[in-house]
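The values are calculated or read from the model by the stated rules, or taken from the named source; none is laboratory data. Owing to the predicted nature of the structure, the values given are computational and were not obtained by experimental measurement. All Cβ positions, even for glycine, are placed from backbone atoms using ideal geometry, and neighbour counts span all protein chains on display.
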Amino acid sequence: MTPTTRAKPEDCKQPPGIVRPVIDPHRCEAKDDCVRVCPFDVFEVRVLNKDEKKALPLLPWLKVMAHGGKQGFVVQPDACHACGACVAACPEKAIRLTRD
């Protein structure tokens, strides 16, 4: 599977709701690979709002601004089936899977 190939639902290891992805905002560069590979639409990449930008420390804020003000978000954590495609696809290694 390449970073732009969507994972197959049958490759997933868990039923939904056991594992959830977490994005490290200090590492995420909004490259969108997580969105492309996830078969369950767990992620989105969008522009941060004013309050989200204010909450970032200086270095992550600079990184976000350098990438168009965008960052990845987990929008449907309960839909994750732990296939790990997002972890493998993320070039910044900004995603990890955690057990609920």
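Some points to look at:
- When residue 49 is tested against the conditions (1) more than 15 Å from residue 97 (Cβ to Cβ); (2) touching a strand residue (DSSP E or B) at 6+ places or on another chain (Cβ under 9 Å), the lone failure is (2).
- Hits in segment 71-92 (condition: farther than 23 Å from residue 47 by Cβ and not β-branched (Val, Ile, Thr)): 78, 80, 81, 82, 83, 84, 85, 88
- Just so you know, in segment 52-82 the residues that are among the aliphatic types (A, V, I, L, M), under 19 Å from residue 16 (Cα atoms) and touching a strand residue (DSSP E or B) at 6+ places or on another chain (Cβ under 7 Å) include one that is modelled with the lowest pLDDT, and it is 82.
- Filter result (aromatic (Phe, Trp, Tyr) and in contact with a Phe, Trp or Tyr (Cβ under 9 Å, 6 or more places away or on another chain)) within segment 1-45: 43
- Pick from segment 51-63, criterion among the hydrophobic types (A, V, I, L, M, F, W, C) and in contact with a helix residue (DSSP H, G or I) (Cβ under 7 Å, 6 or more places away or on another chain), ranking: farthest from residue 32 (Cα to Cα): 56
- Within segment 1-46, the residues that satisfy the criterion of being farther than 17 Å from residue 82 by Cα and among the β-branched types (Val, Ile, Thr) are 2, 4, 45.
- Test for residue 68: is it more than 9 Å from the chain's Cα centre (by Cα) and within 18 Å of residue 100 (Cβ to Cβ): no
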